[in-house]
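Inspection log for the structure reproduced underneath, given as structure tokens.
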Amino acid sequence: MDEPLILTPIPSLVSLLLHHEQAKGSPLTQEEVEEIRDNAACVALPASGRKAVDEERGYEDIAPEFAWQHWQQVRGQLGQED
């Protein structure tokens, strides 16, 4: 049985967004988050491979289709609040 392929950003969107926000020195805008997401390098992995990547990273990456909303939640957990 074939598993569906999932586009998986490498490095993770969380790490990319955190890096860009720290370099900017202020919160990213929605447009900036979406541009970073749209330009992120990705690999297509089967669902089991994506799960293995998340386990190796020690966290589940944010979903690209909800990058802005999920980034707002994650950045608060990382202490990146305004």
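Rounded to the nearest 0.05, what FRET efficiency is calculated for residue 51 and residue 23 with R0 set to 35 Å and r the Cβ-Cβ distance? Write down the numbers at each step before the final one.
Numbers: r = 30 Å, r/R0 = 0.86.
In this case the efficiency is close to 0.70.
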* Before rounding to the nearest 500, sum -39500 (n - 2.57) across all DSSP H runs of length at least 4 in the chain and divide by the residue total; then give [θ] at 222 nm in deg cm²/dmol. => -16000 deg cm²/dmol
* Structure fact -> Along the dipole axis of the chain (charges at Cβ: +1 for Lys and Arg, -1 for Asp and Glu; origin at the Cα centre), the most positive-end residue among 72, 47, 22 is 22
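With +1 assigned to the C-beta of every Lys and Arg and -1 to the C-beta of every Asp and Glu, and no other charges, what is the dipole magnitude of the stretch 5-77 about the Cα centre in debye, to the nearest 20? If you can, show how the numbers build up before the last one.
Numbers: 6 positive and 12 negative charges, 32 e Å.
It works out to roughly 160 debye.
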* Asked: Which ordering of 61, 2 is given by a fewest-first count of other beta-carbon atoms within 10 Å?
  -> 2, 61
* To do: Output ³J(HN,Hα) for the stretch 28-38: one whole-Hz value per residue in order, computed from phi by the Karplus curve 6.51 cos²θ - 1.76 cosθ + 1.60 with θ = phi - 60°, and x for Gly and Pro.
  => 6, 7, 4, 5, 5, 4, 5, 5, 4, 4, 5
* Structure fact -> Once amide hydrogens are built 1.01 Å from N within the peptide plane, the residues lying 5 or more places from residue 43 or on another chain with amide H under 5 Å from its amide H are 8, 10
* **Efficiency of FRET between residue 73 and residue 2 - r from beta-carbon atoms, R0 25 angstrom, step 0.05** => 0.20
* To do: For the chain, just the Cα atoms, rotate onto the principal axes and tell me the three extents in Å, largest first.
  => 46, 23, 19
* J(HN,Hα) series, the stretch 12-27, from Karplus relation 6.51 cos²θ - 1.76 cosθ + 1.60, nearest Hz, glycine and proline x -> 4, 4, 4, 5, 5, 5, 4, 4, 5, 5, 5, 5, 6, x, 7, x
* Residue-wise, which Karplus ³J(HN,Hα) couplings in Hz belong to the stretch 52-61, taking 6.51 cos²θ - 1.76 cosθ + 1.60, θ = phi - 60°, and x for glycine or proline? -> 5, 5, 4, 5, 5, 5, x, 7, 8, 5
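Read-outs: derived from the displayed coordinates by stated rules, not from any lab. Keep in mind it's a predicted model, so treat the numbers as computed, not measured. FYI the Cβ positions are ideal-geometry reconstructions off the backbone, even for glycines, and counts take in every protein chain you see.
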